[in-house]
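**Q** Take this structure, written in structure tokens, and hold onto it; I'll ask about it next.
The values are calculated or read from the model by the stated rules, or taken from the named source; none is laboratory data. Not measured: the values here are computed from a predicted model. In this analysis, Cβ positions are derived from the backbone assuming ideal geometry, glycine residues included, and neighbour counts consider all displayed protein chains.
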Amino acid sequence: MITIRFYRCLLSPIIEEFLYFHDFTNIILIFILRFVGLIIVSIVFNKIVNKGLLEGQILECIWTIIPAFILVQIALPSISLLYLIEDAPHPDLTVKVIGNQWFWSYEYSDFWINNSVFSFDCYIIPEDRLILGSGRFRQLETDNRLALPFYTKIRLLVTRSDVLHSWTVPSLGVKADAVPGRINQINFVAPLPATLYGQCSEICGSQHSRIPIAVDFIPLKEWNIWRSEWFTSDTQEIKADVVPGRIY
């Protein structure tokens, strides 16, 4: 099994559609810039003036219809992309993400332990605890990673407990603001096993740069084993590598 470990890569249908839309829009932009530039150059160097030209209805219709057609060509994929981002029929797994100063809390709403929802916190691993040559990234590693099965429709419900935060993973093409008094929703599917990283993209205080996101996409069988280990172990021992509330 090949595992991808990158901060920026294309690992979801959403971010792939973003890239296609970006390339398509750039092609149209390059055509417009070259066409308008050619007209400007021809006007500058053209010495012929037609004093009898008072109107040109056909020309006016052309330069009205063509830009409208171009705008429609841009709007249609843009609207379908917005629908793809927001629509999540029948998600297979729902996880609630709670932003705190300065760590993330995750709640698996579909699973419960001892009459309480299955949840854990993720704190940044300070530099002095990173082992040289271990392949871990500075300012991006957390003591616990959000584990999710790949090839599974995931729905994240994002909120916060204090100030504004933003849960962002560029490789998935998702970004959701954690707004006071509101729950935002994002949806994605990862087609490959991977370890992806992100960061809070909303200024949330003095330790804003120290609230990373680490997500592990693993096979469903391994994810069930991981979940069972949490259920059968003392969760406090598993979580307590970084002291809560300590500023690193």
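**Q** Would you mind stating whether Ile125 is within 30 Å of Pro13 (Cβ to Cβ), of a type in the set (Val, Ile, Thr) and surrounded by 11 or more Cβ atoms within 10 Å (Cβ to Cβ)? First the steps, then the outcome.
**A** Details: within 30 Å of Pro13 (Cβ to Cβ): no; of a type in the set (Val, Ile, Thr): yes; surrounded by 11 or more Cβ atoms within 10 Å (Cβ to Cβ): yes.
When the stated conditions are applied, Ile125 does not pass them.
**Q** What's the number of the only condition in (1) exposed (fewer than 12 other Cβ atoms within 10 Å of the Cβ); (2) in a helix (DSSP H, G or I) that Asn50 fails to meet?
**A** (2)
**Q** I would also like to ask the following. I'd like the residue in the stretch 111-125 that is part of a loop (DSSP other than H, G, I, E, B) and at pLDDT below 85 and, out of all such residues, is nearest to Trp230 (Cα to Cα).
**A** Here is the first cut: in the stretch 111-125, the residues part of a loop (DSSP other than H, G, I, E, B) are 114-115, 123, 125.
Those still in the list that are at pLDDT below 85 too: 114-115.
Numbers: Asn114: 12, Asn115: 15 Å.
The qualifying residue nearest to Trp230 (Cα to Cα) is Asn114.
**Q** Sticking with this one: So which of Gly56, Gly99 is at pLDDT below 85 and small (Gly, Ala, Ser)? Reasoning before the result, please.
**A** Values: Gly99 fails: at pLDDT below 85.
Going through Gly56, Gly99 in turn, the sole match is Gly56.
**Q** Being exposed (fewer than 10 other Cβ atoms within 10 Å of the Cβ) and hydroxyl-bearing (Ser, Thr, Tyr) is the filter here, so list the residues in the stretch 53-86 that pass it.
**A** Once the filter is applied, which keeps residues that are exposed (fewer than 10 other Cβ atoms within 10 Å of the Cβ) and hydroxyl-bearing (Ser, Thr, Tyr), the stretch 53-86 yields only Tyr83.
**Q** Can you name the condition, by its number, that Leu130 falls short on among (1) surrounded by fewer than 19 Cβ atoms within 10 Å (Cβ to Cβ); (2) in contact with a His (Cβ under 7 Å, 6 or more places away or on another chain)?
**A** Of the numbered conditions (1) surrounded by fewer than 19 Cβ atoms within 10 Å (Cβ to Cβ); (2) in contact with a His (Cβ under 7 Å, 6 or more places away or on another chain), the odd one out for Leu130 is (2).
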